[in-house]
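Computed from the coordinates by the stated procedures, all read-outs in this text should not be read as laboratory data. Every value quoted in this text rests on a predicted model; they were computed, and no experiment measured them. No Cβ is skipped: glycine too gets one built from the backbone with ideal geometry, and neighbour counts run over all protein chains shown.
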Amino acid sequence: MTRTARSDRLHEVVRRFASGDGDHSFGEIALEIAHFQREFSPGFARLCASRGGSPSRVDEIPGVPCDAFRLTRVAVHPEAEDRLRFYTSGTTSGARGMHAMRVTETYQALALKFGRAALLSNERAHHVVALAPLLDDPPTSSLGHMMAMFMVDFEQRGHAQVRTGDRWLIGDQGVDLDGLQKAAERAQQLRETLLVLATSFALVGLLDALDGGTLPLPTGSIVMQTGGFKGKTREIEPAELRTTLARAFGISEAQIVSEYGMTELTSQLYEATVPGSALSRERSGSPGIYAEPPWLRVIPVDPTTLEPVPSGDVGIARIIDLGNVDSAIAIQTQDRVRRVEGGVVLLGRAAGAPPRGCSLAIEEFLASKPQ
């Protein structure tokens, strides 16, 4: 079977697994993808060789450090087969990571399935706006692309024009408060549920623009917040930001839900807090605890050895994402996490230089030949 045929089959298996098909377990699929990537990704093959060869358990799959995505191409297929290329927001050095996708259907299926479970609290049509700049064409931001998919899918109107100024409410002058007010009024008039998608720094910008005032949203509105501040604005602790936003919008804190995602991933994690949502019924989550979808697993590992830490201990997150068929099945982050009942708690990025384990893994991934 050719590389393309094997990839297509794995994508189909992942989508079927996400839809509830029980023919294959998470571990079986993860290991098959890892073996596929070991065969067609020289960097991943070197990483496996440095860890003792082909993995036989999920927790043996070595993680490709996020920094590798800005230093080299991380993909099993050539550039000519890319259908989408998502770029990170960059670093202080200006380097940007790139996640190439050969198949977009898997990204769409997984993002929509878990997004619906986490964000939709009722069966009504939703009106979706984003506190984000206008989506570029073709999209280069994985977050922006996901927001656009939500606009189309959640509104239940079939194909919709999403590249319009009334959808994307950040411009040269900052947050468009009038645009958000109009969106709230429209949702109220049409008896739709308003869903506001926003980054944390955009929400702080909104609070600054309100200057202590309020902008009430319709009953039942949901606000999804994601990402950090990255030096773009003043920082506010998550609990304080949630409380302040709830007061400004006139909604409960439970109606503000946080999402965790990365350019290097295909999938996302959410707090299971939205009242009435499928995820909250299933997980009964609390603020600050991020629930994984069935096709993703977070493994806290020791920052030096990159070995899994005992249950309940703090480690840096290695994320196994079945959606990453053509890039890296396992992503090694520098985010400190701890597993708890219901999911994982995010404890912030490891301070200082990259942990020794991550640095070594980058060297192994980029090495010119197997060690």
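Points worth noting:
- The ranking of HIS99, HIS127 from fewest to most other beta carbons within 10 Å of each one's beta carbon is HIS127, HIS99.
- Quotient of C-alpha Rg and 2.2 N^0.38 Å, computed over segment 106-291: 0.94
- Student exercise, the chain dipole from Lys, Arg, Asp, Glu Cβ charges, in Debye to nearest 20: 300 debye
- Measuring between their Cα centroids, segment 29-76 and segment 254-273 lie 25 Å from each other.
- Annotation: the residues MET146, MET98, sorted from fewest to most other C-beta atoms within 10 Å of their own C-beta, follow the order MET98, MET146.
- Scaling the Cα radius of gyration of segment 254-371 by the globular reference 2.2 N^0.38 Å produces a ratio of 1.14.
- Cα centroid of segment 152-217 to Cα centroid of segment 304-371, whole Å: 35 Å
- For the chain, the square roots a ≥ b ≥ c of the C-alpha gyration tensor eigenvalues yield an a/c of 1.5 or more together with a/b exceeding b/c, which makes the shape prolate.
- Rounded to the nearest 0.05, the FRET efficiency derived from the C-beta distance between ALA209 and MET1 at R0 = 41 Å is 0.15.
- Cα-based shape type of segment 75-188, given that a ≥ b ≥ c are square roots of the gyration tensor eigenvalues and the cut on a/c is 1.5: oblate
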